[in-house]
Each structure stands twice: as C-alpha cells, then as structure tokens.
C-alpha cells in the first residue's frame, strides 16, 4: 500500500505546500532505519537520490551536503544544497526520523524545504512516511512546477526502500512500475 497526499496549509506569512508518501515495509523500524542512514549505499538502490556528498559517518545535525534528485527518468536536479536538520530516535514514541532541508548558507533564496523520513512500528512491520514541505514566497511556484513529479518520485523512493529492506531480509521482492498493478509490470 502506498498513499500519496498533497496539501497546503498556512504557516505564518506564507502557505506551506506539502507532499507525502507512505508505505508499509515488512521489517522492523530498526532495519528500515539502517538502510536510510546508510548514505554510502544510496547509489545501489535509491533512484530518487542517486548521488549525495555526505558519508554515513557524517550524518549529524548541521551537516551540509549536495545531492542529485531524479524527478523523472529524464530530469535530474543536480547539486541541490541541503543541510541535515534532524536525526532522531525516540524510544518512547517509538520512531526513527531524518530531516534534511534547504541549506541555510547555500540554498536558493525565496524557498525553504524540509523533507522528513519517518519510521514507525506497525506490529513487526514499519509504517514509513516520507514528506516534504515547502514554504516562502516561491513555494507556490515550486509546488506548481514540481508537485506532480515529486509525488511520483516519492512513490518510487518508497518502493525502492521497501525492495531494499525486504531484499536484505531475504524476502522475495517484486519491482513494479509506478502506476501499474503488481503482476502487470
């Protein structure tokens, strides 16, 4: 099951635009988190972020990085400047979370973004949520230009993450093209 949502809410002076995708992964949150936090191996499985300049050992709040985002098969946004805003493990909630956003020193003026990746337990499985919120005077324009592509890219990222985690667990994984039913790919 993949759920994709787009919404807009008011936050201060600017409307925040948000895109969210969720998937259930047949593995505990700890295992999903290990794959997410293993930045060094992203090129092996992550079609959405095929390159990033931050090593796994440097995954700490405040770390700056450059990354490429594959919006479509033909469109690659190169050298996006980001910063790690949060790396969380909350055993009381319990959840694991990673947030990266627009670099405060090298990002684009007029737009702020925060992309959260959150792993929550769902019995022995994980509910994985991936969402990005845009704010600032350019948020409506960025949302208009990229929302549809980003929703599709987020669905693909969820499927790639699920396949990676479940594949490492020794489960049989079936890849599907986005927009097709399993078995018809």
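Numbers for the structure displayed
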| quantity | calculated |
| --- | --- |
| Neighbour-count order for 83, 60, fewest beta carbons within 10 angstrom listed first | 60, 83 |
| Label point distance in nm, residue 141-residue 73, each placed 7 Å from Cα along Cα→Cβ | 3.1 |
| Per-pair calculated FRET efficiency, R0 = 25 Å: residue 30 and residue 63 via Cβ, rounded to 0.05 | 0.65 |
| The range 2-168, Rg to Rh (Cα coordinates; Rh as Kirkwood inverse mean 1/r) | 0.94 |
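No lab work stands behind these numbers, since they all come straight from the coordinates. Just so it is clear, the structure is predicted and the values come from calculations on it, not from any experiment. All Cβ positions, even for glycine, are placed from backbone atoms using ideal geometry, and neighbour counts span all protein chains on display.
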